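**Student:** One structure, pasted below without further comment.
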Amino acid sequence: MKNTDLKRARDLALYREFKRMLAENGFPTMRTAASAVCRRPSPRFFIEPERASLLVGCIINGISLAKHNPATQRMARQLHANYEQYLKDNPGCRLSRERIMEILVEQPAPEFYIGAQSARKIIYRERKKARARWERWREI
């Protein structure tokens, strides 16, 4: 999946989760909503397997992830834990780390791994697109 396809899929998944949470809970502010929704479980890890493999490789080799944002660091640590668990569950596995990452990034993730400000921007952008689609549909 291309990076732009991943971003689009992530944005849609985040917006669907936002709408679901809004229907269930309601939020006093968009800041509260964005903070809550970005920490919700995600349908998958929205990262390319090659990049995930590089991040996990950094952890394995003791290279600092300090230059990455905190959400990326959390994702890398989670993927590393998943990778270690995969190797433990599959002794004698001869797959490359990148191939294992292809499997792991498709699994559900514990969060969306983005900040609240980014989540808020995504939600606003997706709401605007949804309104535009609605307006076009009403004109028909």
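Coordinate-derived values only; no laboratory data. Note that the structure is predicted; figures quoted are calculated from it, not measured. As a convention, Cβ positions derive from the backbone with ideal geometry for all residues, glycine included, and neighbour counts pool all protein chains shown.
**Student:** Cβ neighbours within 10 Å, averaged per peptide: list 46-53, 5-12 in order, most packed at the top.
**Tutor:** On the way: 46-53: 19.9, 5-12: 15.0.
Ranking the peptides 46-53, 5-12 by packing returns 46-53, 5-12.
**Student:** Under a 5 Å amide H to amide H cut-off, with H placed in plane at 1.01 Å, what residues pair with Ser42 once short-range neighbours are removed?
**Tutor:** Ala109, Glu111
**Student:** Of the options Tyr83, Tyr15, Ile59, report the single residue whose Cα projects farthest towards the positive end of the charge dipole of the chain (beta-carbon charges: Lys, Arg +1; Asp, Glu -1).
**Tutor:** Among Tyr83, Tyr15, Ile59, the one farthest towards the positive end of the dipole of the chain is Tyr15.
**Student:** If I take all pairs of Cα atoms in region 36-133, what percentage of them are more than 20 Å from each other?
**Tutor:** Numbers: 2093 of 4753 pairs.
Across region 36-133, Cα pairs with separations above 20 Å total 44 percent.
**Student:** Considering the zone a paramagnetic label at Gln85 would reach in this model (a point 7 Å from Cα along the Cα-to-Cβ line), which residues of region 38-69 have amide N under 15 Å from it?
**Tutor:** 41-45
**Student:** Could you check the spin-label model distance between Ser118 and Arg44? Points 7 Å from the Cα along Cα→Cβ, value in nm.
**Tutor:** 1.8
**Student:** Okay, next question. What FRET efficiency comes out for Asn61 versus Ala9 if R0 is 35 angstrom and r is the Cβ-Cβ distance? Round to the nearest 0.05. Don't jump to the answer; show the numbers that get you there.
**Tutor:** Numbers: r = 30 Å, r/R0 = 0.86.
So, using R0 = 35 Å, E works out to roughly 0.70.
**Student:** Still on this model: What is the count of Lys pairs in the chain whose alpha carbons sit under 28 Å apart, if the two are 8 or more places apart or on different chains?
**Tutor:** 15
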